[in-house]
Amino acid sequence: MTIRTTVMEVMAEVGKMHDRQLAPLSDSLPLLDSGLDSLCIAVLVALLDDRLGVDPFAAASGSLPVTVGDFIALYENAAA
Amino acid sequence: MPLPEQRSFRDLTVAAGAAPARFAADVTRRVGFAELVAGGTLEPPLERFRGQSVLIWCERQLAAARILLEIDGIAARLVLCPSDFSPAHLPAVAAEAEVTAIVTDSATMAASAAGDLPVSVVDTVGRYAPSADCDRSFATEWILFTSGTSDRPKLVVHTLASLTGPIEGRAPASDVVWSTFYDIRRYGGLQILLRAFVGGASMVFSDANEPVAAFLERAGPCGVTHISGTPSHWRRALMSNAIDHIAPRYIRLSGEVADQAILDALATAFPSAAIAHAFASTEAGLAFDVDDGRAGFPAALIGQAGGKAELRIVDGSLRIRSPRNAARYLGDRGALKDAHGFVDTKDMLELRDGRYYFVGRREGVINVGGQKVHPEEVEAVINRVPAVRMARVRAQRSPITGALVVADIVLQPAAANESFDRVKAEIVAACRAALPPYKVPAMLRAVSSLDIAASGKLVRRHA
């Protein structure tokens, strides 16, 4: 399973867990318009840390991801 | 103002009678009360302790109890070191309590206590004359350690009068056999020692080095009728395969929040026992007992004047004023009471349907993106899930919200073979039904056990 599909899957899982109606996910969709609020994103980051063993935010020095594509890229780059 | 007649621990114990049925037992010995009051463990003359500040540092609780009997009313101050007392803290504690003598039952402890202070080594056998005619009229200070973290403990000043406040006026009951999971050098355990000795009953001591199953197997044949511990002690006991060895008629919980799950589990395990949970702390003393089998306490207790303990809520936390309050901290460790003489317990309360519930400690709050979560309120929900024996909720750092709520779960032995994913789903569903989303654990981990500190409380590490 690619990092991209894992991230998408866990996003859907968190959305379901928190009763959120997720917008159709695309790379250009702003993360905060995806239907996930900041609590959901915090949970998402924690679950991804657990599943992928990476927390790109721990080392993050720069800006926070704005779009879903930025978010996925963070994980892809961290795992690379 | 003339002082009321001062009666020592020994006076009160002797006055409760030495019925042949009365005994005190620990992991190695069983002693009748006649022997207990007729023999001394400290080499005479006891006059050498007059006016002294004596540090009692014993491995065996029975040894410590005998020393209390022998020199309360003679010494100026008795410092009660619990079993987990760290020698590293000895110099600071000795300085703060102005210790002038050390009494121990252990050669190892005597060696590590070596310094300029005189050390007396005792065992639990009363080989000396009892020094019954000693003047024991001094209002000795009893110094207890706070049960907090691994930091240097605060030293809390009680007297026998403040400690026995909760049991005043009770008729002696020689058919009662008390026991407790607590160390008697802790407030919760000391209450039980006093109930047994001053209350005319018998006492079975626990031991820090004894596994819980072995303790229950020993307590059962001793005929224990009354037994106390923290909710964590009780969860651990219910998880042992030896719980059937005891058949108490009275069960007491204190020291931590007693949630409905543990009260129900005990009621199921011991259908004919009376079950009470008490609110007490080392600083505030015993405030009240709740014996209706329900978590929390009736709202009417707050603000009642003229009761044994006056209760107030200030900034969400419970404050208590009563003659059972400790007097002060030793040394420069801050004020123990507020300007009105109330002790702030720092235990946060919430009112629901005419009843107050403890939601957690002020300093244990998890901050999830500015929203406050008390670990205990989440644990109470998780503990209601049938497959769960105990839970610890803690903070996990989050780059997004600062912190997140996560939980470590110990399953019931019967649920050990269940799929953890199924139990997880059940826990999440229970939390989502009872709590706002930010309080629902983001992650759940199965663990085989959770650490319980020597104080009997679940080990928490505050972020």
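Side notes on the structure shown:
- Between B:Asp135 and B:Ala213, the contour length at 0.36 nm per residue exceeds the alpha carbon distance by 23.8 nm.
- If R0 equals 30 Å, the separation of the Cβ atoms of B:Leu351 and B:Ala21 corresponds to a calculated FRET efficiency of about 0.05.
- Excluding the site residues themselves, the longest part of chain B lacking any GluC sites (Glu not before Pro) in a DSSP loop with at most 13 other Cβ atoms within 10 Å is B:169-417.
- On the beta carbon distance between B:Ala161 and B:Arg328, with R0 = 22 Å, the FRET formula returns roughly 0.90.
- Contact order normalised by residue count of segment A:3-79, Cα under 8 Å, 6+ apart, percent: 38
- Taking a sphere under 15 Å around the Cβ of B:Val359 and counting the other residues whose Cβ falls inside, with K and R at +1 and D and E at -1, yields a net charge of -2.
- Spin-label model distance (nm) - A:Asp27 vs B:Ala415, 7 Å beyond Cα toward Cβ: 4.4
- Given charges at Cβ of Lys, Arg, Asp, Glu: chain B dipole, positive-most of B:Gly115, B:Leu336, B:Val31: B:Leu336
- Charge sum, other residues only, whose C-beta stays under 11 Å from B:Phe9's C-beta, Lys/Arg counted +1 and Asp/Glu -1: +1
- Assigned charges on the beta-carbon of Lys, Arg, Asp, Glu; chain A dipole about Cα centre (debye): 80
- Sorting the Cα pairs of segment B:365-446 by distance into bins of 5 Å, from 0 upward, gives 3, 17, 29, 24, 15, 8, 3, 1 percent per bin.
- D_trans [Stokes-Einstein, Kirkwood Rh over alpha-carbon pairs] for segment B:1-154, 4 °C, 1.567 mPa s, µm² s⁻¹: 80
- As a proxy for reagent exposure, B:Met348, A:Met17 were ordered by neighbouring Cβ count within 10 angstrom, fewest first; the result is A:Met17, B:Met348.
- Positive contributions from Lys and Arg (+1) and negative ones from Asp and Glu (-1), summed over other residues with Cβ under 13 Å from the Cβ of A:Phe57, come out at -2.
- Our compactness index for segment B:323-463, the C-alpha radius of gyration over the empirical 2.2 N^0.38 Å, is 1.22.
- If you sort the three axes of the alpha carbon gyration tensor as a ≥ b ≥ c, you get a/c of 1.5 or more for segment B:324-372 and a/b no higher than b/c, which makes it oblate.
- Overall form of segment A:29-80 per C-alpha gyration tensor (a/c, 1.5; a/b vs b/c): oblate
- Distance from the alpha carbon centroid of segment B:23-44 to that of segment B:428-463 works out to 43 angstrom.
- For the protein assembly as shown, the mean projected area of the C-alpha convex hull, equal to one quarter of the hull surface, is 28.8 nm².
- The value obtained for segment B:192-312, namely the Cα convex hull volume divided by the number of residues, is 120 Å³ per residue.
- Packing-based exposure ordering (other Cβ within 10 Å, fewest first) of B:Cys222, B:Cys81: B:Cys222, B:Cys81
- Distance between the 7 Å Cα→Cβ label points at B:Asp244 and B:Ser448: 2.4 nm.
- Net length gained if the chain between B:Ala88 and B:Glu426 were fully extended (0.36 nm per residue, minus Cα distance): 117.1 nm
- If you wrap segment B:9-352 in the convex hull of its Cα atoms and look at it from every side, the mean projected area works out to 17.0 nm².
- Remark: the Cα gyration tensor places segment B:1-84 in the oblate category, a/c being 1.5 or greater and a/b not exceeding b/c.
- A Förster radius of 45 Å combined with the Cβ-Cβ distance from B:Gln6 to B:Val459 puts the calculated FRET efficiency at roughly 0.70.
- Among the lysines of the protein assembly as shown, pairs at least eight places apart or on separate chains and with Cα atoms under 27 Å apart come to 22.
Every number here is computed from the coordinates shown, using simple stated rules; none is lab data. Every value quoted in this text rests on a predicted model; they were computed, and no experiment measured them. For neighbour counting, all protein chains shown are included, and Cβ atoms are generated from backbone atoms with ideal geometry for every residue, glycine included.
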